[in-house]
Amino acid sequence: MIRTLVVSVTVLIVSTSTLHAQYFGRNKVEYFDFDFRILATEHFDVYYYPREERAARIAAQMAERWYSRFSTLLNHEFNTRQPLVLYGSQAEFAQTNVVPGLLPDSVGGVTDAARRRVTMPFAPTMAETNRVLGHEIAHAFQFDIARRHGGDTAQPLWFIEGIRPDPIQWTV
Ligand SMILES: [Zn+2]
């Protein structure tokens with residue numbers, strides 16, 4: 001079931017060195033103020049701009065599908081809701097303060113290890129958006145499983161990317 005809450009949200013992002021992207025190790029405190037809406041699905045709070053509602057609903061369904069696959073495959077469920085912040089385009093994503101001044105076009109999305117928050121733009125196609133969603137949600141599972149087992153979520157990038165989070169690598 002999907003319901004829409006219309007809210008104006010100021011999202012305060014306090015990133016520690018656990019922010020995960022294709023580089024790491026910077027400490028940042030940023031905030032941004034957008035008129036986001038939140039689409040609440042069974043497991044996700046999907047933040048999106050009103051003009052992206054159609055795409056956000058599709059992405060929300062894709063995200064739930066990934067959740068279902070990974071939770072079954074890994075026999076793991078999240079205890080808390082999964083934040084998913086969707087930007088309308090790569091350009092808007094790059095302009096955000098999520099990872100200021102550091103986002104090359106090749107970064108399709110980021111997952112904050114400490115909070116498990118996935119932040120990403122819509123890719124040029126929904127198929128590519130789906131692939132990035134799967135990749136980042138796989139990271140959310142990695143971080144949550146590590147945390148649940150008492151481990152540090154600030155694992156080295158070679159390890160996090162090295163265990164092949166790309167959905168294409170998973171037999172799901
Ligand atoms: Zn990754």
Seminar exercise, completed: Quick calc: nm separation of the 7 Å Cα→Cβ label points for His76 and Gln95 -> 3.6
For this session: Would you calculate the separation in nanometres between label points at Glu161 and Ala114, each defined as 7 Å from the Cα along the Cα-to-beta-carbon direction?
Result: 2.3
For this session: Kindly write out, for segment 115-130 in residue order, the coupling ³J(HN,Hα) from the Karplus curve 6.51 cos²θ - 1.76 cosθ + 1.60 (θ = phi - 60°), rounded to whole Hz, with x marking Gly and Pro.
Result: 9, 6, 7, 9, 10, 7, x, 5, 7, x, 10, 5, 5, 5, 4, 4
Seminar exercise, completed: For Tyr49, the net charge from surrounding residues (Cβ-Cβ under 12 Å; K, R +1; D, E -1) works out to -1
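If we count other beta carbons within 10 Å of each Cβ, what is the order of Met62, Met120, Met126, fewest first? Please report the intermediate quantities before stating the final value.
Numbers: Met62 19, Met120 23, Met126 14.
Placing the least packed residue first, the sequence is Met126, Met62, Met120.
Each reported figure results from applying straightforward, stated rules to the coordinates on display, with no laboratory input. The model shown is predicted, which means the values in this text are computed figures rather than measured ones. Every residue, glycine among them, receives a Cβ derived from its backbone with ideal geometry; neighbour counts consider all protein chains shown.
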